[in-house]
Amino acid sequence: MLELFRALRGLDFASLLVRLLTTFLCGMVIGLERSAKNRPAGIRTHILVCLSGAVAAITGQYLVLGLHLPADITRISGQIITGLGFIGMGTIIVTKKMTIKGLTTAAGLWTTGIIGLAIGSGFYEGGILGTILVLITETFLSRFGIQIRQRPEVIIELLYRNKNSLDAVLRCCKDRRMLIRNLQIRMDSASESGYRADITLFTDRDIDAFLDSVRAMSGIQSASVKWSKESPDLQ
């Protein structure tokens with residue numbers, strides 16, 4: 001550990017003041033980055049979350065080391081970590097296009113609270129380094145476009161006459177290296193001899209060309225896109 005912080009690990013007023021001010025600054029700089037990107041949780045939210053963690057850690061230490069009560073020094077901190085999960089849930093939004101937004105902000109809030117716990121416990125090095133790494137993750141990795149792309153998801157609605165027709169379509173999916181996630185089959189209510197199938201695929205292939213090939217197969221009455229979702233960027 002750094003000798004610089006050795007004198008600030010006690011429970012005297014100067015140590016408490018430094019802990020809370022350091023927590024305030026760490027929460028503020030993380031919140032500034034989120035506010036600059038118009039994210040749901042901004043400066044005040046991150047400051048309060050970070051301070052809550054610090055005060056919880058300090059209170060746990062005071063009960064055991066200051067008042068010498070037979071209490072678990074980590075119990076309050078553990079409850080704070082659980083509560084932070086509920087706060088983060090409020091920033092997660094599912095859009096009309098079935099994409100999820102706010103996960104990074106939710107994870108950042110949870111991490112900010114734990115940074116507060118670290119600093120409140122006197123572990124300044126861990127809290128400050130954690131803040132720096134959070135900023136690098138949320139700022140620089142996003143700025144330089146480090147992304148993981150997923151293949152788009154699409155549901156094909158198929159109307160066909162017999163099992164051989166469906167088998168031919170599934171073989172076509174395999175030949176085109178399309179990943180079949182789900183398959184649902186049911187009777188076609190409009191026809192006694194027909195079947196309907198919903199085929200959920202993960203693919204970056206040309207769906208229109210695939211549908212043209214399927215429609216040309218024997219026994220296939222119709223094939224169309226029932227639902228699709230563009231590939232998201234996970235940042």
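The values are calculated or read from the model by the stated rules, or taken from the named source; none is laboratory data. None of these values were measured; they are calculated from a predicted model. FYI the Cβ positions are ideal-geometry reconstructions off the backbone, even for glycines, and counts take in every protein chain you see.
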* To do: Please work out which residue is nearest to V154 (Cα to Cα), limiting yourself to the range 203-220 and to residues that are outside any helix (DSSP H, G or I) and touching a Lys or Arg at 6+ places or on another chain (Cβ under 7 Å).
  => T203
* Structure fact -> The residue that is nearest to G102 (Cα to Cα), considering only those in the range 38-51 that are in contact with a Leu (Cβ under 8 Å, 6 or more places away or on another chain) and either touching a residue at least 24 places away in the same chain (Cβ under 8 Å) or crowded, with 21+ Cβ neighbours inside 10 Å (or both), is A41
* Of all residues in the range 30-56, which are of a type in the set (G, A, S), at pLDDT 85 or above and either in contact with a strand residue (DSSP E or B) (Cβ under 7 Å, 6 or more places away or on another chain) or closer than 22 Å to Q79 by Cβ (or both)? -> S52, G53, A54, A56
* Asked: Condition test on T74, is it under 19 Å from M28 (Cα atoms), modelled with pLDDT of 75 or more and in the same structural domain as I30 (by TED's automatic domain parsing)?
  -> no
* Structure fact -> Restricting the range 168-185 to residues that are more than 28 Å from the chain's Cα centre (by Cα) and surrounded by 12 or more Cβ atoms within 10 Å (Cβ to Cβ), the one farthest from I207 (Cα to Cα) turns out to be I185
* Could you identify the single residue in G113, G27 that is surrounded by 14 or more Cβ atoms within 10 Å (Cβ to Cβ), within 17 Å of the chain's Cα centre (by Cα) and modelled with pLDDT of 80 or more? => G113
* Positions within the range 2-36 being charged (D, E, K, R) and without any contact (Cβ under 8 Å) to a residue 60 or more places away in the chain, in sequence order -> E3, R6, D12
